[in-house]
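Structure record follows, encoded as structure tokens.
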Amino acid sequence: MSDHEGTIKIDSRIQDSEKIRNLSRRGFIGSVMAGAAGVAGASALLSPVQDAEAAPVPDLPDAAPGGAAADDEPYWEKVAAQFMLRDNVIYMNSGTRGLSPVSVHKAQVEAIEAVNSDPNMCWSTYSFAGMDEIRRKMAVYIGSEVDEIAFTNSTTDGMGLGFMGLELNRGDEILTTNYDYGWVKNMMAFRAKRDGLEFKMVDISDPSFRTPDDPQKVVDAVAAGITPKTRFLTICHINYTDGFVMPVKEICEIARDRGIITLIDGAQPPGMMKMDMMDLGCDMYAGAGHKYMLAAQHTGFLFVRNDMVDRVHPLVYTGSMNPEWAITGARKLEQRGSSSYSDRVSIGASLDFHNKLGVEAIEARLRYLSQRLSQGLKAIDGVTVYASDDPRMSCALVSFSVKDLDPSFIVGRLWYRSPNIYIRTVGAAGGFRGVRATLHVMDTAEHVDTLIDRIERLTRA
């Protein structure tokens, strides 16, 4: 295959299930992207890393009983090598898009090939038995019943299904906080106007955008915002701008005692933290598959408690809603037309990857890396870190700003100088702007130290 053919071609090594295990990270990505060289902008996207080299992907190592120690660098470096990143790219943006390890990528590619070589498999295997097994794995992973899970295309999709499909009456009050995701607030404002609901927000953030210093203050503020008319409450589990972990369990307990339905925006936690829906006590929880879970794009889930599912209705009605074979449980919400079977297969493979490493071990590792980054940045004059040091209120997301430097400038300088570090800008109401690093198992302690060093150099430039 030439480096500059005019059509997109997939590396032939993917066709061999044994060879893909040793897939060269540079070879696969390079061949696909080089084939698209005629597409406007492709060369610009590749330019910072086009000459990079990458080593073959080794076998995924077995962890010690109970999972590897958070600071066991030799082990975690082998885990980081499971990803197809070029060797001079440091990726710290799993909070936007997680990268799939080779095992997940392989499962997705094999599913595409299987569907195209045996169309019957698309219907019989992936539609029924295969999806039942993936649903079972997901239920174990998040601590729910199997029939409480609907697969979605994203957290946004799940939030829309849970809220827009929920039975509410004119005059009902719907509640969130000014700390929550803008899209969720827009969705609530839209339905409030359309259906005659009363939309209310609780103020829990300081204008200077300091994270709350005590989770109980957040609990008290939300509780004070509840009125006799409140029927629905939604909050994020982890705020995407500063990484604040909301006291979801305590807030859901108050809501349940007052007969209020809860829907949690879980875009960040799945794959980052141990999940347990029964312990959280929420009525619904929308999560992403393509972020920290490391599955393909267009993957996610919506948890709906069994005692709540009859009050939430599909937004699209299809032939599968025929009462003669009506689908029960939360899965009725995913009956809205065709879906990508290969994307769904990637969910199962990503769960296998997380389970092999150990859910608790992954969380401990991410907390270790984020604390290393947070403390290193705090030691630099002119750097303000917004992540909390309290483990109850933080995990793997570190946001910060550098005095007199625009966040976009910081992001650009980090990416266009080797090693290329990929982080992103974040912003919030009140004029806050900063940069955000979201760490995962493709990151190492050396990567974290490299970012700290690069930020320190920027402050001296």
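Side notes on the structure shown:
- Only a single item in (1) in a loop (DSSP other than H, G, I, E, B); (2) over 18 Å from ASP157 (Cβ atoms) is not met by HIS290, and it is number (2).
- Count of the stretch 212-233 residues which are over 16 Å from GLU198 (Cα atoms) and among the basic types (Lys, Arg): 1
- Candidates SER374, SER342: the one that is in contact with a strand residue (DSSP E or B) (Cβ under 7 Å, 6 or more places away or on another chain) and in a helix (DSSP H, G or I) is SER374.
- Yes/no for ASP352 being surrounded by fewer than 22 Cβ atoms within 10 Å (Cβ to Cβ), at pLDDT 95 or above and not assigned by TED's automatic domain parsing to the domain that holds GLU446: yes
- Of all residues in the stretch 407-461 being in a strand (DSSP E or B) and either assigned by TED's automatic domain parsing to the domain that holds HIS290 or at pLDDT below 95 (or both), the one that is surrounded by the most Cβ atoms within 10 Å (Cβ to Cβ): VAL426
- Among all residues of the stretch 282-297, there is at least one that is in contact with a strand residue (DSSP E or B) (Cβ under 7 Å, 6 or more places away or on another chain) and at positive phi.
- Out of ILE261, ILE251, sole residue that is buried (at least 21 other Cβ atoms within 10 Å of the Cβ), assigned by TED's automatic domain parsing to the domain that holds CYS282 and closer than 16 Å to LEU302 by Cβ: ILE261
- Of the numbered criteria (1) touching a helix residue (DSSP H, G or I) at 6+ places or on another chain (Cβ under 6 Å); (2) over 21 Å from ASP283 (Cβ atoms), the one GLY182 fails is (1).
- ARG331 being buried (at least 24 other Cβ atoms within 10 Å of the Cβ) and at pLDDT below 95: no
- Residue list for the stretch 222-248, filter: crowded, with 20+ Cβ neighbours inside 10 Å and hydrophobic (A, V, I, L, M, F, W, C): VAL222, PHE232, LEU233, ILE235, CYS236, ILE238, PHE244, VAL245, MET246, VAL248
- Note on the stretch 87-102: residues that are outside any strand (DSSP E or B) and surrounded by 21 or more Cβ atoms within 10 Å (Cβ to Cβ) total 6.
- Applying the criterion of being among the hydroxyl-bearing types (Ser, Thr, Tyr) and in a strand (DSSP E or B) to the residues of the stretch 377-405, the residue that is surrounded by the most Cβ atoms within 10 Å (Cβ to Cβ) is SER399.
- Identification of helices (runs of 4 or more DSSP H) wholly contained in the stretch 182-270 with 3 or more residues that are under 24 Å from SER94 (Cβ atoms) yields 182-195.
- Flag for THR155 being closer than 28 Å to SER374 by Cα, β-branched (Val, Ile, Thr), modelled with pLDDT under 95 and in the same structural domain as TYR285 (by TED's automatic domain parsing): no
- Checked against the criterion of being under 30 Å from GLY196 (Cα atoms) and assigned by TED's automatic domain parsing to the domain that holds VAL222, the stretch 141-148 contains one or more residues that satisfy it.
The values are calculated or read from the model by the stated rules, or taken from the named source; none is laboratory data. Here the structure is a predicted model, which means the values were calculated and not measured. Heads up, the Cβs are rebuilt from the backbone with ideal geometry, glycines too, and the neighbour counts pull from every protein chain shown.
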